[in-house]
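One structure is given below, encoded as structure tokens.
Any read-out appearing in this document is the output of simple, stated calculations on the displayed coordinates, not a laboratory observation. In this text the structure is predicted, and so the values were computed from the model without any measurement. No Cβ is skipped: glycine too gets one built from the backbone with ideal geometry, and neighbour counts run over all protein chains shown.
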Amino acid sequence: MASANSKSTRTNPKKNRNSAASKAEARRARVEEQRRAEQARERRNRIITVTVSAAILAGLVGGGWYLLDAADAKEQAQAAPVSGEKTWAKLSQTHVDTAVDYPMTPPVGGDHAPVWQNCNGDVYTDPIQNENAVHSLEHGAVWITYNDKASDADVKALADKVAKTPYTLISPYPDQSSPITLSAWGHQLNVTRKSDPRVSEFLEKYVQGRQTPEPGAACTGGKSA
């Protein structure tokens, strides 16, 4: 009886081998599935990385061209004259202690006084000396002048603008032909009204503009009246 029980509990070696093989095959299948999933993730990540990199590169290239185009447009704007302005070249820069007979009114350059007229947003209600004002233009200032044809409202608006703008000055100039004149070194613009958009354009272009013989030179510490 005991012998029969012992025989009934004996394991089957062939069955055990088959079971072990099945488990090993299942493990290999799971490992292979995980490997394929990992490879798929890596492919997706590579595609995303390449796509993002291409987009960034395109943005940088496009942005670079935009910056170059903007810089080129600004350079062209700086080089182009303001519509209607007059220009003079090869103006002398000698300091003199005598009156100068200038070929234009108001003067835009040439020999001038050793001391500049203060031009740090200075508003003058009386005429000033040509020779001192020309020295201010040499420092990169814009000189706004007006005669009795300019309206009181325009004169006040221009004075307010000058008071807020370094390297500018304004004064009456009874002998000029235009109601309002803007002068920079070698450049001059005549207008009839302050509202003319070229007024702002001229100031933007020539206050410390590229025409300045002595950029950065002082507009304070000179003649104040």
**Request:** May I ask you to evaluate 6.51 cos²θ - 1.76 cosθ + 1.60, the Karplus curve with θ = phi - 60°, for each residue of region 104-121 and list the ³J(HN,Hα) values in order in whole Hz, giving x for glycine and proline?
**Result:** 9, 10, x, x, 10, x, x, 4, 7, 5, x, 10, 7, 7, 4, 9, 9, x
**Complete:** antiparallel share of DSSP beta bridges within region 86-206, to nearest 5, in %, is 55 percent
**Request:** Name the residues whose placed amide hydrogens come within less than 5 Å of the amide hydrogen of residue 173, ignoring near sequence neighbours (fewer than 5 apart) on the same chain.
**Result:** 146, 147
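Cβ neighbours within 10 Å, averaged per peptide: list 120-129, 97-106 in order, most packed at the top. Provide the component values of the computation, followed by the final result.
Numbers: 120-129: 16.4, 97-106: 13.0.
The packing order, highest mean first, is 120-129, 97-106.
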**Asked** How large is ³J(HN,Hα) for each residue in region 195-206, as worked out from phi by the Karplus curve 6.51 cos²θ - 1.76 cosθ + 1.60 (θ = phi - 60°), to whole Hz, x for Gly and Pro?
**Response** 6, 4, x, 5, 4, 5, 5, 5, 4, 4, 7, 10
**Request:** Would you order 219, 119 from fewest to most other beta-carbon atoms within 10 Å of each residue's own beta-carbon?
**Result:** 219, 119
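Filter the cross-link list 86/164; 161/205; 164/194; 90/149 down to pairs whose alpha-carbon distance in this structure exceeds 24 Å. Numbers along the way, then the final one.
Numbers: 86/164 26 Å; 161/205 15 Å; 164/194 16 Å; 90/149 32 Å.
Checking Cα-Cα distances, 86/164; 90/149 exceed 24 Å.
Give, as a single signed number, the net charge of other residues whose beta carbon lies under 11 Å from the beta carbon of residue 99, with Lys and Arg counted +1 and Asp and Glu -1.
Values: positive: none; negative: 97, 101, 111, 131.
Neighbourhood net charge equals -4.
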**Asked** Around residue 223, which amide H atoms from residues at least 5 apart in sequence, or from another chain, sit under 5 Å from its own amide H, with H modelled in the peptide plane?
**Response** 116, 117, 118
**Item:** Long-range amide H partners of residue 110 with built H, under 5 Å
**Value:** 92
**Request:** Pop out the ³J(HN,Hα) list for region 135-144 in order, Karplus 6.51 cos²θ - 1.76 cosθ + 1.60 with θ = phi - 60°, rounded to Hz; leave Gly and Pro as x.
**Result:** 4, 5, 4, 4, 8, x, 7, 10, 9, 9
**Complete:** Using alpha-carbon positions, the gyration tensor of region 76-149 gives root eigenvalues a ≥ b ≥ c; with a/c under 1.5 called rounded, otherwise prolate if a/b exceeds b/c, else oblate, the class is oblate
